[in-house]
Amino acid sequence: MAKRWSFGGFAASDGPKHLTLVADLTIANTVSDLIQGDVREHLPLEKIPLQGDVLGLGTTTSIDNGELTFLQDSASTSAIWRCVAHDGSIIKLSSGDGSGHFPYVCFTRDASTLRRPVAIESLGPTEEAPLQRLVAEAIAQGQRSGTLESAPIYGVRMLTHWHELVITVASKLCMGQQRRNMKVAASEAGSSTAGQSIYDMLQHYRLAPQPTEKTNDPIRYLGRAMQWDCCGFFDTEPELGRVTVPQPGAHLHLHGCSTDLAYGGHLHHEHASTRLKQLDRLWLYPLQTLSALGSDMAIEDLSFENGMLRFRVVNEGEMDVSDVGVAVVINDRYSSRRYIRIPWLSAGDAEEFTLSLSLPSGKQLITVIADPEEIVIEAENRKNNNRLDLEVQIP
């Protein structure tokens, strides 16, 4: 049985008894997983606790095609806003609205006690300064002064004012499309296109006091909403691809919404057109403990009697799984396998199947395999229960 986690403020081991506080940061899949495309694992909105100061970011599905920003709703609660890919607008999510299932999302517990305000004046002039450098300097200053603990990942909240800001609205669909098109891009558009950052290949939006005078500007102008409430993470090891794009130097991943709640998305803070006017507020959160959620498909209760095969497909992981296949193979003849597709199986749920099989006389080997194509992202030590064999003697 895979380890399970409870999201109401406690972690559970292999049994149902609650034991200790959850990790400082919980990651459901990773950015590296998302970039591969066609993610089949989802975490429901209902499993993310929003009491207190909860930091997070993520993406919605290819159907919704957008990103997630976590903002403080009040002093005691947080809220998740969905940033819409096609126009940069934002929608506050609520349970049951149909868009609360996420292929990638990372979030903290109530991090109020971890909040470390930064004295902005100690960073020197912030106008036109690269945002990632300001955050890195704030972390370094806090560690030198002993006011900020060392941590693998830092949560970041900030209030920013911009001369000009470029945002993108990445998504599962966009990232997967880049992976699928990589060979086309390399052969027909040149290696430089294929090697671009995923953010370079997405729809861009511009926030500025006035639209550009360029008639052929590829960046769509949204408006003059120049103050942004931002939330994200600074990873000290970005190459691991946990909460940032897995490349050297990409430490800061930041989502946000304009304070008038008109627009939102991924802040393309490293874009050449992005220019900071003023950093109004910066809070850092040292996140010491990390927890990764995963999937775990299993086959159970396999039996054959009177020409009928029966078995259960169980989702023993911590994430819901969509569009997963199950193969029934007789005597290792994969060319004649029977195949079942399950549209959705929530974490902890099971589905029972009965299948009529006409088998010849003699000893037969029946094999049932969950996710035979290995599309679902599972740790190697969780794959042992995906397959179950049954030997039967047919008169």
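Quick one: in the range 343-363, which of the residues that are surrounded by 14 or more Cβ atoms within 10 Å (Cβ to Cβ) and under 18 Å from Asp301 (Cα atoms) is farthest from the chain's Cα centre (by Cα)?
Leu357
(1) surrounded by 19 or more Cβ atoms within 10 Å (Cβ to Cβ); (2) touching a Phe, Trp or Tyr at 6+ places or on another chain (Cβ under 8 Å): which one isn't true of Gly100, the others all being true?
(2)
Being part of a loop (DSSP other than H, G, I, E, B) and either surrounded by 15 or more Cβ atoms within 10 Å (Cβ to Cβ) or of a type in the set (Phe, Trp, Tyr) (or both) is the filter here, so list the residues in the range 265-288 that pass it. Spell out how you get there, then give the answer.
First, the residues of the range 265-288 that are part of a loop (DSSP other than H, G, I, E, B): 268-274, 288.
Selection gives His268, His269, Glu270, His271, Ser273, Thr274.
List the pairs whose first member sits in the range 49-72 and is open to solvent by 10 Å² or more (accessible area, probe 1.4 Å) and among the aliphatic types (A, V, I, L, M), whose second member is in a loop (DSSP other than H, G, I, E, B) and at pLDDT below 90, and whose Cβ atoms are under 9 Å apart, counting only residues at least 6 apart or on separate chains?
Once the first residue is open to solvent by 10 Å² or more (accessible area, probe 1.4 Å) and among the aliphatic types (A, V, I, L, M) and sits in the range 49-72, its partners that are in a loop (DSSP other than H, G, I, E, B) and at pLDDT below 90 give Ile63/Ser99.
In the list Asn306, Asn315, which residue meets the criterion of being among the polar types (S, T, N, Q) and touching a strand residue (DSSP E or B) at 6+ places or on another chain (Cβ under 9 Å)?
Asn315
Restricting attention to the range 226-277, which residues are without any contact (Cβ under 8 Å) to a residue 12 or more places away in the chain and acidic (Asp, Glu)?
Once the filter is applied, which keeps residues that are without any contact (Cβ under 8 Å) to a residue 12 or more places away in the chain and acidic (Asp, Glu), the range 226-277 yields only Glu239.
Might you check whether a residue that is at pLDDT below 95, within 18 Å of the chain's Cα centre (by Cα) and surrounded by 15 or more Cβ atoms within 10 Å (Cβ to Cβ) occurs anywhere in the range 74-82?
yes
Look through the range 235-264, keep the residues that are part of a loop (DSSP other than H, G, I, E, B) and aliphatic (A, V, I, L, M), and return whichever of them is surrounded by the most Cβ atoms within 10 Å (Cβ to Cβ).
Val243
State all residues of the range 294-314 that are among the aromatic types (Phe, Trp, Tyr) and in contact with a Lys or Arg (Cβ under 8 Å, 6 or more places away or on another chain); if no residue qualifies, say none.
The initial filter retains those residues of the range 294-314 that are among the aromatic types (Phe, Trp, Tyr), namely 304, 311.
Residue satisfying the conditions is Phe304 alone.
Evaluate the following for Leu293: is it aliphatic (A, V, I, L, M), touching a Phe, Trp or Tyr at 6+ places or on another chain (Cβ under 9 Å), touching a residue at least 12 places away in the same chain (Cβ under 8 Å) and within 30 Å of Trp344 (Cβ to Cβ)? Quick ask: steps written out before the conclusion?
Values: aliphatic (A, V, I, L, M): yes; touching a Phe, Trp or Tyr at 6+ places or on another chain (Cβ under 9 Å): yes; touching a residue at least 12 places away in the same chain (Cβ under 8 Å): yes; within 30 Å of Trp344 (Cβ to Cβ): yes.
It is true that Leu293 is aliphatic (A, V, I, L, M), touching a Phe, Trp or Tyr at 6+ places or on another chain (Cβ under 9 Å), touching a residue at least 12 places away in the same chain (Cβ under 8 Å) and within 30 Å of Trp344 (Cβ to Cβ).
Condition check: under 23 Å from Ala75 (Cβ atoms), in contact (Cβ under 8 Å) with a residue 12 or more places away in the chain and either in contact with a Cys (Cβ under 6 Å, 6 or more places away or on another chain) or open to solvent by 30 Å² or more (accessible area, probe 1.4 Å) (or both). Does Ser122 satisfy that?
No, not satisfied.
From the list Phe311, Phe304, which one is modelled with pLDDT of 95 or more, open to solvent by less than 60 Å² (accessible area, probe 1.4 Å), closer than 23 Å to Asn381 by Cα and part of a strand (DSSP E or B)? Walk me through how you get there before you give the answer.
Working: Phe304 fails: closer than 23 Å to Asn381 by Cα.
Of Phe311, Phe304, the one residue that is modelled with pLDDT of 95 or more, open to solvent by less than 60 Å² (accessible area, probe 1.4 Å), closer than 23 Å to Asn381 by Cα and part of a strand (DSSP E or B) is Phe311.
Which of the strands (runs of 3 or more DSSP E) contained wholly in the range 339-395 include at least 3 residues that are among the aliphatic types (A, V, I, L, M) and more than 26 Å from Leu43 (Cβ to Cβ)?
Details: elements: 350-356, 362-370, 387-394.
Filter on the range 339-395 gives 362-370, 387-394.
Given the criterion among the aliphatic types (A, V, I, L, M), closer than 30 Å to Gly56 by Cβ and either modelled with pLDDT of 95 or more or surrounded by 15 or more Cβ atoms within 10 Å (Cβ to Cβ) (or both), identify the matching residue among Val329, Val321, Val368, Val392. Before you say what the answer is, go through the steps one by one.
Working: Val329 fails: closer than 30 Å to Gly56 by Cβ; Val368 fails: closer than 30 Å to Gly56 by Cβ; Val392 fails: closer than 30 Å to Gly56 by Cβ.
Among Val329, Val321, Val368, Val392, only Val321 is among the aliphatic types (A, V, I, L, M), closer than 30 Å to Gly56 by Cβ and either modelled with pLDDT of 95 or more or surrounded by 15 or more Cβ atoms within 10 Å (Cβ to Cβ) (or both).
Are there helices (runs of 4 or more DSSP H) fully within the range 100-198 with at least 2 residues that are at pLDDT 95 or above and out of contact with any strand residue (DSSP E or B) (no Cβ under 6 Å at 6 or more places or on another chain)? List them.
Those helices (runs of 4 or more DSSP H) span 131-145.
The values are calculated or read from the model by the stated rules, or taken from the named source; none is laboratory data. All of these numbers come straight from a predicted model, not from anything done at the bench. Neighbour counts are summed over all protein chains in view; Cβ atoms, including those assigned to glycine, are modelled from backbone coordinates with ideal geometry. Protein only, heavy atoms only, side chains kept; ligands, DNA and RNA dropped before computing areas. Shrake-Rupley method; radii C 1.70, N 1.55, O 1.52, S 1.80 Å.
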